[in-house]
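Reading through the structure tokens given below for one structure.
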Amino acid sequence: MLQRSTYGEVVLFRLARGFLGRGVYFTASYLVDGLVVDTGCRHTLAEFAAATEGVGIHTVINTHSHEDHIAGNALLQRRDGARILAHELALPVLADPRGTLRMALYEHLAWGMPEPSIGQPIPEEVCTSRHRFRVLRTPGHSVDHLCLYEPEEGWLFTGDLFIGGRDRALREDGEVWRIIASLEMVAGLEVRRLFPGSGSVRENPLPELRAKIVYLRELGERVLTLSRAGQPPQVIRKTIFGREHPLAFFSGGSFSGLHLVRSFLNGEEH
Ligand SMILES: [Zn+2]
């Protein structure tokens, strides 16, 4: 399933595997001035290939190396000769997804395994003919996470750093204090339009970004307070969130409220 929409110069492709006529776990790819930010998942590759045919994509940037952001890389490299730019820690994953990605069953079902592609370390700035993008290192959701900022337009491409709503769970490899620090960094920029990895584009996103930071900081305080009172992580999770997140079951425990609690306890507070 592919949904195309435009935001000024920026084209959004929302991509998801169709199930009973509905998309399951949308992921986003953005196209602007011959540059593509993230390339979707394996199950939507054929639709993504058709939608980008003849555009002449010269550059791909991956915000990070998760399987729902890199699967069109090989196609664009082969078909359009696009260069692929990513964080240096993402490059081994791009080159060998099968050997490096630890995907849960639901991730195989929703997104599928990407083809290998050859990336280059991303510089601090990436230019297209009309735009100059600043590359921001924003670890937390993953160690290799980047955001892209276009200061003239006030555009911020956030990958999976920013997901709306109130987080009640975290990936096993997520680091919540680093997510908060990265959110604080981007919330200090002049952002007029935010393009997240989910495809739910936000106008005037700073109030929502700041609210997210406040929510996570308050959540961290509650976790630490309960921990100082002697509660173990499982009890803290239950006290704060009640029932475990539904994906905790489908992910085999790799995405859960317990990981979020543990991340607050294990991580270094910033
Ligand atoms: Zn991700």
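Things worth noting here:
- Flag if residue 260 is at pLDDT 95 or above, surrounded by 13 or more Cβ atoms within 10 Å (Cβ to Cβ), touching a strand residue (DSSP E or B) at 6+ places or on another chain (Cβ under 7 Å) and part of a helix (DSSP H, G or I): yes
- Here residue 177 meets each of (1) at pLDDT 95 or above; (2) on the phi > 0 side of the Ramachandran plot with one exception, condition (2).
- Considering the range 202-235, and only residues there that are among the hydrophobic types (A, V, I, L, M, F, W, C) and open to solvent by 30 Å² or more (accessible area, probe 1.4 Å), the residue that is farthest from residue 162 (Cα to Cα) turns out to be 229.
- Looking only at residues of the range 141-155 that are within 13 Å of the ligand (Cβ to nearest atom) and not hydrophobic (A, V, I, L, M, F, W, C), we find that the one that is surrounded by the fewest Cβ atoms within 10 Å (Cβ to Cβ) is 144.
- Criterion (hydroxyl-bearing (Ser, Thr, Tyr), under 30 Å from residue 249 (Cα atoms), touching a strand residue (DSSP E or B) at 6+ places or on another chain (Cβ under 8 Å) and open to solvent by less than 30 Å² (accessible area, probe 1.4 Å)) met by exactly one of 138, 128: 138
- Strands (runs of 3 or more DSSP E) lying entirely in the range 130-240 (those with 2 or more residues that are touching a Cys at 6+ places or on another chain (Cβ under 8 Å) and not charged (D, E, K, R)): 132-137, 155-159
- Counted residues, the range 98-129 - those being under 30 Å from residue 247 (Cα atoms), away from the ligand (no atom under 13 Å from the Cβ) and not in a loop (DSSP other than H, G, I, E, B): 7
- The range 34-87, subset assigned to a helix (DSSP H, G or I) and among the aliphatic types (A, V, I, L, M), residue farthest from the ligand (Cβ to nearest atom): 50
- Any hit, the range 236-243, residues being at pLDDT 95 or above and closer than 24 Å to residue 159 by Cβ: no
The values are calculated or read from the model by the stated rules, or taken from the named source; none is laboratory data. The structure displayed is predicted, hence computed values, not measured ones. Note that we place each Cβ from the backbone using ideal geometry, even for glycine, and neighbour counts take in every protein chain shown. These accessible areas exclude ligands, DNA and RNA; they are computed on the full protein's heavy atoms, side chains included. Shrake-Rupley method; radii C 1.70, N 1.55, O 1.52, S 1.80 Å.
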